[in-house]
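I'd like to ask some things about the structure below.
The values are calculated or read from the model by the stated rules, or taken from the named source; none is laboratory data. Because the structure is a prediction, the values reported are computed rather than measured. Neighbour counts are summed over all protein chains in view; Cβ atoms, including those assigned to glycine, are modelled from backbone coordinates with ideal geometry.
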Amino acid sequence: MRVKYATQIFSHSVAASMQAAINIGKLDHPHAQLTVDFIKQVDMVFDILNSSTQMSSKKPWKRALKNDDELFQTLDNFLEVLRTSYFERQRGAISIPKVYFLDMLKQTINGVKIISSTCNRKGLENLHTRRLGTDSVENYFSQVKRCFKYVTPRSFQSFFRASMILKSFSVRGSNCEDDDDANFLCFSDDSNGRESTLTYDTDLSEEESELV
């Protein structure tokens, strides 16, 4: 669940550090270079599956996904790596691993490719893959749990209606990326947790107040 730890390990900086150690002879393991290449691929795939901008000069792999561009080839190459991976056990025995999260990763990559192709056929050239993730949903329910001690159907209904009017929320300290959306309001429970009232983190316009 701690995605940020995985992105720290499978990152460009880790790959660059290992490559430097290989170049100066400090890291001479026979599989060191393969490990560096694998980390680089995972880092690129993470970027492709978490794109949020039209173009990115610092990290070119984090730009919007377009149908049949070079990013598709990167995803295909990584799928081939996953397909051909194996464990080399003692005495040279080889076994194909059954790692369920890797199967899910394959499904995710193939699903993103299908969605991108479908969007392209409907005239939508660019796909921001970050919005296909669960961070927005996790942030939303994290805000719900932060604002309510006890969540009831009635309190959640009020929260859901108001948040749909006033955009979604940005939750600090969560396990997800920031949504970059305005944090307009918060709800608070009464002493019994049965009713809810609105408290505003920022001033709303008159029109927004009328909507609420």
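Being in contact (Cβ under 8 Å) with a residue 60 or more places away in the chain and out of contact with any Phe, Trp or Tyr (no Cβ under 7 Å at 6 or more places or on another chain): is that true of S52 here?
On the way: in contact (Cβ under 8 Å) with a residue 60 or more places away in the chain: yes; out of contact with any Phe, Trp or Tyr (no Cβ under 7 Å at 6 or more places or on another chain): yes.
So S52 fits the description; yes.
For (1) in the same structural domain as S117 (by TED's automatic domain parsing); (2) surrounded by 14 or more Cβ atoms within 10 Å (Cβ to Cβ); (3) of a type in the set (F, W, Y); (4) within 26 Å of N110 (Cβ to Cβ), each residue gets a yes or a no:
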| site | (1), (2), (3), (4) |
| --- | --- |
| I9 | yes, no, no, yes |
| Q19 | yes, yes, no, no |
| N23 | yes, no, no, no |
| L34 | yes, no, no, yes |
| D43 | yes, yes, no, yes |
| Q54 | yes, no, no, yes |
| K62 | yes, yes, no, yes |
| K66 | yes, yes, no, yes |
| F72 | yes, yes, yes, yes |
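Moving on to the next point. Provide a single number: the residues in segment 120-158 that are charged (D, E, K, R), under 30 Å from M55 (Cα atoms) and assigned to a helix (DSSP H, G or I).
Residues of segment 120-158 charged (D, E, K, R): 121-122, 125, 130-131, 135, 138, 145-146, 149, 154.
From what is left, the residues that are under 30 Å from M55 (Cα atoms) are 121-122, 125, 130-131, 135, 138.
Now restrict to residues that are assigned to a helix (DSSP H, G or I): 121, 130-131, 135, 138.
So the count comes out to 5.
Can I ask one more? Considering only segment 114-148, state which residues are in contact (Cβ under 8 Å) with a residue 40 or more places away in the chain, farther than 14 Å from D69 by Cβ and over 20 Å from the mean Cα position of the chain (by Cα).
Of everything in segment 114-148, those that are in contact (Cβ under 8 Å) with a residue 40 or more places away in the chain, farther than 14 Å from D69 by Cβ and over 20 Å from the mean Cα position of the chain (by Cα) turn out to be R146, C147, F148.
Which of the helices (runs of 4 or more DSSP H) contained wholly in segment 1-105 include at least 1 residues that are at pLDDT below 90 and small (G, A, S)?
Those helices (runs of 4 or more DSSP H) span 3-9.
If E88 meets every condition in (1) in contact with a Ser or Thr (Cβ under 9 Å, 6 or more places away or on another chain); (2) surrounded by 12 or more Cβ atoms within 10 Å (Cβ to Cβ) apart from one, which number is that one?
Only one criterion is unmet by E88, namely (2).
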